[in-house]
Structure formats: C-alpha cells, structure tokens
Ligand code: ZN
C-alpha cells in the first residue's frame with residue numbers, strides 16, 4: 001500500500017465586528033473585508049466546515065470526510081470532528097465570555113459539549129493584554145460586582161507577549177483584546193455565554209448577554225491553569241509540549257533541519273505558523289493547515305518552520 005497523504009485543508013474566513021486585515025497581510029488568506037476576525041483552519045463544524053484540497057477527496061469537507069471515512073481518523077467515534085483550530089485577528093476587543101463544562105452543557109444546552117480552549121499568541125502589539133479570570137473571592141462577591149457594574153475591578157487583565165500560551169478551562173472568564181493575533185485550539189463546540197460587551201452596539205443594538213448562565217458556570221475564586229512547558233530535541237526540531245488535557249495535547253515545534261516522527265495517534269493537526277519546508281515530498285509554507293490521518297506512519301519534514309501541532 002502506498003503511503004497515505006496528508007489531508008490539506010482550506011481555511012474558512014469569518015467576518016467579525018472586532019476583526020482586522022492581518023489574516024490577509026500576515027498569512028496571505030483571501031480575506032472578505034478589513035473586518036475579518038477568524039480563520040477556521042482545521043474545522044469540521046457546520047458553521048465553518050473546511051473544504052479538503054486533495055484531488056483524491058474532491059468535493060469533500062473535513063466534516064463530510066469524518067462521517068464517510070472514519071478510518072482516516074482512527075475510528076475514534078463521535079458525531080463531529082472533535083477539535084477546532086482557528087487563527088484569530090482581534091483588531092478590537094472581543095466580548096468577555098465563559099464556556100460551560102460538558103456536564104452543564106449536556107443538561108442546559110440540549111446535550112451539547114462544553115468547551116475547553118487554549119491560546120498561543122502568534123503576535124501582538126506592544127502593551128497588548130487579555131482578560132483571563134476575575135478578582136472576585138466568591139460567587140456572591142462576583143454577583144455583587146456585576147450588579148454594581150464594577151467591571152474594571154472584577155476582570156483580571158494580563159499583559160501578553162508573542163509566544164505566550166494560555167489554557168482556558170470551562171468556567172474561566174476570558175477575552176482576547178485588541179492588537180492580538182492568536183492561534184486557538186479548542187473542543188469543537190459553540191456554547192458560549194457572553195458576560196460583558198463593554199456596552200457596545202452592533203447595528204444600533206447591544207449584543208445579547210447571558211449573565212445568569214455566566215454566573216452559574218464561572219468558577220469563583222479564579223484559579224489559573226498552570227502551564228508547564230516541556231521541550232525536547234527530536235532530530236532537526238525543538239518540540240515543546242504546551243499542554244496535555246483530556247481533550248487535546250498541543251505542541252509548538254521549531255524545525256531547523258530534518259524532523260522525522262511517527263506520531264502513532266488517530267490523527268494529528270499541523271498548522272504552519274512560520275517558514276517553509278517539505279513534508280514527505282509536498283511543499284508546505286506559513287499559513288498551511290494539514291491533518292495527518294491514522295496510519296500515516298513516519299512523517300518526514302524538512303526545512304525551517306514553526307508549527308503548532310495537536311492531537312486528541
Ligand atoms: Zn472562548
């Protein structure tokens with residue numbers, strides 16, 4: 001049997017009121033406007049299902065391939081492709097939000113999944129920050145601060161730098177702020193409670209808030225998720241494990257030579273965030289997103305590249 005091909009995915013670009021133009025200028029994607037907020041890079045989600053570029057799978061999307069050829073994904077089961085990889089260009093601040101866990105979502109959101117996500121900061125403006133967590137000592141104090149609209153005091157703002165990494169567990173208040181380019185790896189779920197939107201208007205109206213659900217699922221007091229980066233040298237690559245949680249494991253990889261690896265996973269997501277090289281005879285470059293299917297065997301990647309890789 002000939003070697004399985006890496007599956008190449010075409011991004012789905014989404015306009016957002018807070019979006020910018022860096023998905024075009026930095027990654028070369030064909031952005032629909034200067035308010036492009038998200039590139040859904042590896043997604044089988046109905047709201048942005050990535051077309052597959054390989055001629056062998058003409059007309060398919062990641063979502064359709066997941067249903068028709070589960071063996072490509074190691075037959076891991078589940079109705080939809082379980083992860084979602086996005087690149088987010090926040091020109092302006094995103095609303096403050098929180099996600100429920102699987103248990104809360106199952107009961108209150110019609111059997112949906114909760115959402116755990118993580119952020120790798122690709123780039124940011126000097127002085128950029130994010131919101132992660134809050135300063136209330138208890139649920140009661142949080143409710144009081146919300147009722148009194150003491151937002152600045154409540155929200156925990158953290159300065160960020162290029163290369164920073166954050167794990168956002170369910171129940172953690174969070175928001176990307178303006179001037180930030182982020183690669184997000186998450187459970188493929190859309191259950192989001194909007195907690196605060198800076199009093200902004202969209203088409204003349206405030207966007208819907210979900211204060212009660214947010215208060216119900218937000219963990220108080222806030223406990224940051226500690227990040228322990230572990231770096232190993234694997235041939236021509238420096239491989240750093242950023243996080244391993246029940247939903248995904250994420251790596252940042254710097255390739256400066258030949259990197260050979262047999263992942264031995266149901267499938268592996270590969271996003272090229274810098275440089276270029278050759279993956280088993282195929283050219284790959286910054287902005288490309290690929291999926292190595294089950295049984296891919298030993299991967300051989302040569303060049304000067306920066307990658308974010310993930311698997312279940
Ligand atoms: Zn989120």
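Report the rotationally averaged projected area of the chain based on its alpha-carbon convex hull, in square nanometres.
16.4 nm²
Based on alpha-carbon centroids, what's the gap between region 188-254 and region 62-89 in Å, whole number please?
Between the Cα centres of region 188-254 and region 62-89 lies a distance of 20 Å.
What is region 34-127 by shape, rounded, prolate or oblate, if you read a ≥ b ≥ c off the alpha carbon gyration tensor as root eigenvalues and call it rounded for a/c under 1.5, prolate for a/b larger than b/c, and oblate otherwise?
oblate
Using the 10 angstrom Cβ neighbour count as an exposure proxy, how do 35, 134 rank, fewest first?
Arranged by neighbour count, lowest to highest, 35, 134 become 35, 134.
Using helices alone, what [θ] at 222 nm do you get for the chain, with -39,500 (n - 2.57) per DSSP H run of 4 or more residues, divided over all residues and rounded to the nearest 500?
Calculated at 222 nm, the ellipticity per residue is -3000 deg cm²/dmol.
Under 8 Å for C-alpha pairs, at least 6 residues apart: give me the relative contact order for the chain, rounded to a whole percent.
Over the chain, the number comes to 19 percent.
In nm, give the distance between the simple-model label positions of residue 123 and residue 21, each being 7 Å from the Cα along the Cα-to-Cβ direction.
Reported label-point gap for residue 123 and residue 21 is 1.4 nm.
Over all alpha-carbon pairs of region 154-196, lay out the pair-distance distribution in 5 Å bins, whole %, shortest bin first.
5, 13, 31, 27, 18, 6
Just so you know, all these numbers are worked out from the coordinates, no wet-lab data involved. Predicted, not measured: the structure shown is a model, and the values here were computed from it. Cβ sites come from the backbone with ideal geometry, for glycine too, and all protein chains shown count toward neighbours.
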